[in-house]
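> The structure under discussion is supplied below as structure tokens; questions concerning it will follow.
The values are calculated or read from the model by the stated rules, or taken from the named source; none is laboratory data. Bear in mind the structure is a predicted one, so any value in this text is a computation, not a measurement. FYI the Cβ positions are ideal-geometry reconstructions off the backbone, even for glycines, and counts take in every protein chain you see. Ligands, DNA and RNA are excluded from the accessible area calculation, which covers all protein heavy atoms including side chains. Shrake-Rupley method; radii C 1.70, N 1.55, O 1.52, S 1.80 Å.
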Amino acid sequence: MTRLFRLLALLPLTWMQAMGAGLGWLVWALSSSYRSQFHRQVQAAGLTWGQVKGAIPATGMMLAELPWVWARAPGQSVLSRVQWTGLSYFESAMQAGRGVILLSPHLGCWEMGGQALAEKLGPQHGDLLALYRPPRKLWLQEVVGLSRQRTYFKTASASLRGVRALVKHLRAGGFTAILPDQVPPEGQGLWAPFFGRPVYTMNLLPKLAQQTGAVVLLAWCERHAGGQFTFHVLPPCLQALNQPQTTPKQAALLMNQAIERMVLSRPDQYLWGYARDKQPRAGD
């Protein structure tokens, strides 16, 4: 599988996106469970078919981009494909020496976003350190591992030891990026509303913010035609997360509300097929 990914990475990214768009519609046609999940979440968000239908080919594009994003040749830059907005918010936070936690949900191309962040900001601000839980399947471990071997992109295990390393990194003024709408293992979150439904929401983020004083910013990588992207850093709106008086329940509600606003800004690039309301897996 690793060899296949390396071969696919040689193809132009625009070709992969075009094939991915077709793949998205093919999966839509063949999977009734996917359609049901998609419709259920869209209905909860109160959106119309016209607002979200673009998310079907976008999901296929996201999958088809992965060989290029993960397995392209070492040293091949992504920066010629990425424009930036709102970087001043990040720079202001970093200048304060408090560290930055970037929250980037399942919107747009978050894998491209992580690598672009590391390459763009690493020379001045050091490594992006991200928590990483290897996939359970061996072949997928090898493939995903390709994407975690990039300059200025470092990982720490999603364990107590890794969290301690991340706390140390943030206290030293470093930065990280986290998927805030990923369902955590049992015991590592709490139930909070998201588009009117209870979803199991991670409590790691406010704990990190409160322990380190790091600034929490929302960010996402928007996909454009022609293999181009824009990475957006949004104005600060979650200052309460690093305040000690903010309870875990309040923090979860604030995070979910912020993610809702992001999703509603571009519902055609959200991963509606991701079961945000699923039961958490047993802790490990």
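> Among the numbered criteria (1) of a type outside the set (A, V, I, L, M, F, W, C); (2) more than 16 Å from residue 112 (Cα to Cα); (3) touching a residue at least 12 places away in the same chain (Cβ under 8 Å); (4) open to solvent by 50 Å² or more (accessible area, probe 1.4 Å), which one does residue 12 miss?
Answer for residue 12: the failing condition is (2).
> Of the residues in the stretch 88-109, how many are open to solvent by 10 Å² or more (accessible area, probe 1.4 Å) and in contact with a helix residue (DSSP H, G or I) (Cβ under 8 Å, 6 or more places away or on another chain)?
3
> So which helices (runs of 4 or more DSSP H) are wholly in the stretch 29-73 and hold at least 3 residues that are open to solvent by less than 70 Å² (accessible area, probe 1.4 Å) and touching a residue at least 40 places away in the same chain (Cβ under 8 Å)?
Working: elements: 32-45, 49-52, 55-71.
Passing ranges, in order: 32-45, 55-71.
> On to the next question. Looking at the structure I just gave you, is residue 124 at pLDDT 90 or above and either among the hydroxyl-bearing types (Ser, Thr, Tyr) or in contact with a Pro (Cβ under 9 Å, 6 or more places away or on another chain) (or both)? Full working, then the answer.
Details: at pLDDT 90 or above: yes; either among the hydroxyl-bearing types (Ser, Thr, Tyr) or in contact with a Pro (Cβ under 9 Å, 6 or more places away or on another chain) (or both): no.
Criteria not met by residue 124.
> Looking for something part of a strand (DSSP E or B), surrounded by fewer than 21 Cβ atoms within 10 Å (Cβ to Cβ) and hydroxyl-bearing (Ser, Thr, Tyr) - is there at least one such residue anywhere in the stretch 223-231?
yes
> Going residue by residue through the stretch 112-122, is there one that turns out to be crowded, with 20+ Cβ neighbours inside 10 Å, free of Cβ contacts under 8 Å to residues at least 40 places away in the same chain and of a type outside the set (S, T, N, Q)?
yes
> From the list 150, 161, 81, 133, pick out the single residue that is basic (Lys, Arg) and in contact with a strand residue (DSSP E or B) (Cβ under 6 Å, 6 or more places away or on another chain). Break it down into steps so the answer makes sense when it comes.
Details: 150 fails: in contact with a strand residue (DSSP E or B) (Cβ under 6 Å, 6 or more places away or on another chain); 161 fails: in contact with a strand residue (DSSP E or B) (Cβ under 6 Å, 6 or more places away or on another chain); 133 fails: in contact with a strand residue (DSSP E or B) (Cβ under 6 Å, 6 or more places away or on another chain).
So the residue among 150, 161, 81, 133 that is basic (Lys, Arg) and in contact with a strand residue (DSSP E or B) (Cβ under 6 Å, 6 or more places away or on another chain) is 81.
> Give the residue that is most open to solvent (accessible area, probe 1.4 Å), with candidates limited to residues of the stretch 127-148 that are at pLDDT 70 or above and part of a loop (DSSP other than H, G, I, E, B).
The qualifying residue most open to solvent (accessible area, probe 1.4 Å) is 136.
> Quick check on my filter: what residues within the stretch 179-201 are open to solvent by 20 Å² or more (accessible area, probe 1.4 Å), within 15 Å of residue 103 (Cα to Cα) and among the aliphatic types (A, V, I, L, M)? Steps first, please.
Just the residues of the stretch 179-201 that are open to solvent by 20 Å² or more (accessible area, probe 1.4 Å), to begin with: 179, 182, 186-188, 190-191, 193, 195-198.
From the residues that got through so far, the ones that are within 15 Å of residue 103 (Cα to Cα) too are 179, 182.
Across the stretch 179-201, the qualifying residue is only 179.
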